[in-house]
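Notes follow once the structure below has been shown.
The values are calculated or read from the model by the stated rules, or taken from the named source; none is laboratory data. The model shown is predicted, which means the values in this text are computed figures rather than measured ones. Note: ideal-geometry Cβ built from the backbone for every residue, glycine included; neighbour counts use all protein chains shown. Calculation scope for accessible area: heavy atoms of the full protein, side chains included, ligands and nucleic acids excluded. Shrake-Rupley method; radii C 1.70, N 1.55, O 1.52, S 1.80 Å.
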Amino acid sequence: MNCLKIKDLTVTVNNKTILDDFNLEIKSGEIHAIMGPNGTGKSTLTKVIMGDPNYKIIKGEIYFNDKKLNDLEVNERANLGIFLGMQMPMEIEGVTNADFLRTALRTKNKNFKLYSFIKELDTVVEKLKMNKDMIHRGINEGFSGGERKKNEILQMYILKPSVVMLDEIDSGLDVDSLKIVGNSVMDYYKEEKPAILLVTHYQRLLDYIKPDYVHIMNGGKIIKSGDASLVPKIEEEGYDKITETSTSVIEENK
Ligand code: ADP
Ligand code: MG
């Protein structure tokens, strides 16, 4: 069984502490949703797990199984099976989606077969209801916000990660696309049983992707954990109220 483990992690950016003694463990087959007010470090968490060099680890460790990830490059982490669907996927001109995915797969997989790659690409593009020509366009070049999010899911399907992090994958999606993306992530989950870390603000995504655990993050750490029933409470009461009661919750959990 695979396991992503974050232990006592403190992270700074420009000398500002963003993650503060952060702890979390996600096993394969588990879906964890992280929610919390803007600017609390949710995206930072996903980026630091992926190895973004802008974020400095002051203390703590990130493990994938027994392997410590702290000093590994992004590509090394990706080859281990860690994947991040980003909040704001970048446009990369001049490298087509197909080229990018083919190269990534060839590096990862010695038994790469071009025919099955093309076949799978076609199947997933169809499943996600993307335009076929998107495969041969530059990565996210001229893609709308929603199309970019679908493109992240396409990458997930092709690269077959065992740790899937999706940062606000629902933002920018219309209702139909939200359904397609949500169901596609769930299908992938059933097929591959990855460990999933979802960052979201809304119940609407969790109607499709059912989390086993919901964590509320504030001030760079998890202040409350529960099951999916926490989500409607957040939508009803807002984060402020939950933040107010957080100290007692942490005490209770000790
Ligand atoms: P969230 O995803 O929870 O909304 P982020 O992780 O994106 O929050 O950001 C947490 C805090 O860290 C914010 O105050 C943000 O401005 C700051 N931050 C994140 N990345 C950078 C960066 N590269 N440079 C400066 N500040 C950053
Ligand atoms: Mg964010």
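Summary table below
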| read-out | value |
| --- | --- |
| Neighbours by Cβ (under 6 Å, 6+ apart or cross-chain): first from region 194-221, within 12 Å of L45 (Cα to Cα); second open to solvent by less than 10 Å² (accessible area, probe 1.4 Å) and among the acidic types (D, E) | V199/D167 |
| Criterion violated by V48 - all others in (1) within 30 Å of R106 (Cα to Cα); (2) of a type in the set (A, V, I, L, M); (3) more than 10 Å from ligand 1 (Cβ to nearest atom); (4) buried (at least 20 other Cβ atoms within 10 Å of the Cβ) satisfied | (3) |
| Members of region 182-223 found to be more than 16 Å from ligand 1 (Cβ to nearest atom), within 19 Å of L24 (Cβ to Cβ) and not β-branched (V, I, T), listed by number | Y189, K193, P194, A195, L206, K210, P211, D212, Y213 |
| Odd one out for L206, checked against (1) crowded, with 16+ Cβ neighbours inside 10 Å; (2) modelled with pLDDT of 95 or more | (2) |
| Whichever residue in region 195-210 is away from ligand 2 (no atom under 16 Å from the Cβ) and within 13 Å of the chain's Cα centre (by Cα) and, among such residues, is farthest from M165 (Cα to Cα) | I209 |
| Failed item, numbered, when P161 is tested on (1) within 16 Å of ligand 1 (Cβ to nearest atom); (2) open to solvent by less than 10 Å² (accessible area, probe 1.4 Å); (3) in a loop (DSSP other than H, G, I, E, B) | (1) |
| Residues being open to solvent by 40 Å² or more (accessible area, probe 1.4 Å), within 16 Å of ligand 1 (Cβ to nearest atom) and not hydroxyl-bearing (S, T, Y) - total across region 14-42 | 7 |
| Tally of residues being assigned to a helix (DSSP H, G or I) and either among the hydrophobic types (A, V, I, L, M, F, W, C) or closer than 24 Å to L230 by Cβ (or both) across region 36-63 | 8 |
